[in-house]
Amino acid sequence: MRQGIGSAEAPLRVAVVGAGPAGFYTAEALLDSGVAVEVDLLEQLPVPYGLVRYGVAPDHARLKSVTAVFAQIAQRPGLRFHGDVALGDAVSAQELGALYDAVAVCTGIDGDQPLGIEGEALPGVHAARDLVAWYNSRPGAQDLAIDLSQEVAVIVGQGNVAIDLCRILASPVDRLRGTDIAEHALQALAHSRLREIHLVGRRGPVQARFTPKELRELGTLPGWHVAVDPVDLQLGAACQAEAADPAAVHAARNLAQLQAYAAQPAPAGARLIRLHFHTAPLRLLGPQRLRAVELQPQRLDGPAGRQRAVPAGPPLRLPAGLLLRSVGYRGRPLPGLPFEALGGTLPQAGGRLLEPDGSVRGGWYAAGWVKRGASGVIGSNRACAAETVASLLADLPQLAAARGRRGTPAGRDGLAALLRARGRSALGFDAALAIEQAERVRGAATGKAAEKFICLDQMRAAARPL
Amino acid sequence: MPHVVTDNCRGCRYTDCVASCPVACFHANEVRVYIDPALCIDCGACIPACPVQAIVEEFDLAPEQQHWIRINAEAAQRYPTLRNRLAPLDGAAALRQALGY
């Protein structure tokens, strides 16, 4: 039945699409499986690492050092990296399905979740992900028209992304100068006139999604005072029950840190980071550009674990010239693949891709954010990928049967031939290493860890020196 | 600051933490696991993964738990790296219940 699939003579051929954390951990789990496997890791950009390169804040160098683990995986025998190859552009889903025994989609989630309120299109209103991409040198994101001559910014959302944004906006540039932050961002931040940053969340401190570590870091920014209204920290019975639930691992430490912030007096002349709980944006007011945010006080209603924020009291007006929305990411459909509109993810069970009728799409898998939605930290993807690869390995008999019907798929040779026929070619991992090295050299000129290329053609040129 | 594995792990060794560690910084013996502080990148994925809340960031350690910093660092040198999940130890479920989780 197995027809030798996964043996040294007939290795399993798998394409992993997307070289972020989920893609690397999927590749690693395949290489560790004991089955002979050829893993082709496809990435739309010339460089790997996904959100570790373009999402993790530049001042979190220790977190970014996980790329050393990914680089080791990339250089293992059995794996080949194909940079500059985008699904739906260089190669279609249908073509990939024909070229490989199995395809694991690890493309992450790229879209952002709008607030859906009046005034969201006004100049001065930005998506968090656009700002993150801007300071992380993501190609195409450098022209963000962010006006840092404004004195008051509102960040909507209370997760770690919101805190990252706040911390970068409030960091003295000397704190960022040695990182790999984009030079255009560093220059803009050096002239920032921001004096107040308001972090706004619909629900209470118990439901906040940030971690104690990120919350604590806010308090370390010189010249900024973190303010919390003690009234926001008075918990009702349902919130007390939620905070006491062992599943709420961060609630107690977050509360303790928030209480410490609430108790400290504001030093004279300090700039202000203010955390507002039980507050939702209602309207964004212009007319030509954002001038103020109308905020609706909220209260929590319902039993523990199922509390909902409902309006409570008259709206308040907060003058502000910048608003950054950070209320979650939302996936967009991938060409040729089913789509779960509700969560913006791929419909799947245990990592097996499902058709709209609920049947399994044989040979197709998913891991990472595109599988489970935009939540979790880097390490969450390792457990997620392990589950997906366990499903894939359990399906070996079906994958062998598919080979029996259609023959051995062409794998990486077939991919190279297809790209060649289109006048394109992939960049290997050595190219990615050359790009990174060139970026470190660029950065060294100004004392930075790296100055990442913004332009894809510059990356390609650095990858293939003449 | 690095994360450390404290008392609650002993006798449970659920190893859900190990499955979610992005840098393979866990080491294990027969009764529990430890974190190598030189490798931990502070991502925090292991904290919610642990069913008995044995893992704490160094900064959050209570005064009476400070000795776990040294124990983790030393044990990580002594015991082998554990990269993937193991079955919990016999009695882990009872211990977890006794710990109130």
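The values are calculated or read from the model by the stated rules, or taken from the named source; none is laboratory data. Keep in mind the model is a prediction, meaning the values are calculated, not measured. Cβ: placed from backbone, ideal geometry, glycine included. Neighbour counts: every protein chain shown. Ligands, DNA and RNA are stripped out before the accessible areas are found, and what is left, the full protein with its side chains, is counted by its heavy atoms. Shrake-Rupley method; radii C 1.70, N 1.55, O 1.52, S 1.80 Å.
A few comments on the model shown:
- Amide H partners (placed H, <5 Å) of A:His126, local residues excluded: A:Leu323, A:Leu324, A:Arg325
- Hz values of 3J(HN,Hα) by residue in segment A:261-271 - Karplus curve (6.51, -1.76, 1.60), Gly and Pro given as x: 5, 5, 7, 8, x, 6, x, 4, x, 6, 7
- Close amide-amide hydrogen proximity is noted between A:Arg299 and A:Val310, A:Ala312, each under 5 Å apart and 5 or more residues distant or on a separate chain (H modeled in the peptide plane; Pro and chain starts excluded).
- Long-range amide H partners of B:Asp42 with built H, under 5 Å: B:His3
- Candidates B:Pro63, B:Pro48, B:Pro80, ranked by Gaussian network fluctuation over chain B, Cα under 10 Å, top entry: B:Pro63
- Derived scalar couplings ³J(HN,Hα) [segment A:372-388; Karplus, 6.51 cos²θ - 1.76 cosθ + 1.60; whole Hz; x for Gly, Pro]: 10, x, 7, 8, x, 9, 3, x, 4, 6, 6, 5, 4, 5, 4, 5, 4
- Estimated Rh, segment A:298-371: Kirkwood, alpha-carbon pairs, angstrom: 16.0 Å
- The Cα-based radius of gyration of segment A:181-314, divided by its Kirkwood radius, gives an Rg/Rh of 1.01.
- Contact order for segment A:269-369, expressed relative to its length and based on alpha carbon pairs under 8 Å spaced 6+ residues apart, stands at 15 percent.
- In segment A:125-258, inverting the average of 1/r over every pair of distinct C-alpha atoms gives 16.1 Å as the Kirkwood radius.
- Ordering B:Pro88, B:Gln53, B:Phe26 by the projection of their Cα atoms onto the charge dipole of segment B:3-99, which places +1 on the Cβ of Lys and Arg and -1 on the Cβ of Asp and Glu, puts B:Pro88 at the extreme positive end.
- Divide the volume of the convex hull around the Cα atoms of segment A:49-94 by the residue count and you get 89 Å³ per residue.
- Nitroxide proxy distance, nm - points 7 Å out along Cα→Cβ at B:Ala94 and B:His67: 2.6 nm
- Sequence-distant lysines (8 or more away, or on other chains) whose Cα lies within less than 27 Å of A:Lys448: A:Lys64, A:Lys213
- Our coupling estimate for segment A:111-124, obtained by passing each phi through the Karplus curve with A = 6.51, B = -1.76, C = 1.60 and θ = phi - 60°, is x, 10, 8, x, 6, x, 10, 4, x, 5, 8, 5, x, x Hz, Gly and Pro reported as x.
- From the alpha carbon centroid of segment A:127-183 to that of segment B:45-101 is 36 Å.
- If only the Cβ of Lys and Arg carry +1 and only the Cβ of Asp and Glu carry -1, the dipole of chain A around its Cα centre is close to 220 debye.
- Distance in nm between pseudo-label sites at A:Ser7 and A:Phe339 (7 Å out along the Cβ direction from Cα): 4.4 nm
- Per residue accessible area in Å² of chain A, where ligands, DNA and RNA are left out and the probe is 1.4 Å: 41 Å²
- Stokes-Einstein D for segment A:1-126, Kirkwood Rh over Cα pairs, 25 °C, 0.890 mPa s (µm²/s): 150 µm²/s
- Considering only A:Ala417, A:Pro315, A:Leu42, and ranking their Cα positions along the charge dipole of chain A that arises from unit charges at the beta-carbon of Lys, Arg, Asp and Glu, the one farthest toward the positive end is A:Pro315.
- Summed over both chains, the contact between B and A buries some 1900 Å² of accessible surface at a probe radius of 1.4 Å.
- Of all DSSP-defined beta bridges confined to chain A, some 35% are antiparallel rather than parallel.
- Working from label points 7 Å from Cα in the Cα-to-Cβ sense, the A:Gln75 to B:Glu74 distance is 3.5 nm.
- Remark: segment B:3-99 projects, on average over all directions, an area of 5.6 nm² (convex hull of Cα atoms).
- Share of carbon and sulfur in the accessible area of chain A stands at 53%, probe radius 1.4 Å.
- Taking the Cα centre of chain B as reference, the dipole from Cβ charges on Lys and Arg (+1) and Asp and Glu (-1) amounts to some 340 debye.
- Whole-Å distance, taken between Cα centres, linking segment A:189-232 and segment A:71-111: 39 Å
- Rule-of-thumb Rg ratio for chain A [Cα; 2.2 N^0.38 Å; N residues]: 1.05
- Using only alpha carbons, segment A:249-303 has a radius of gyration to Kirkwood radius ratio (Rg to Rh) of 1.09.
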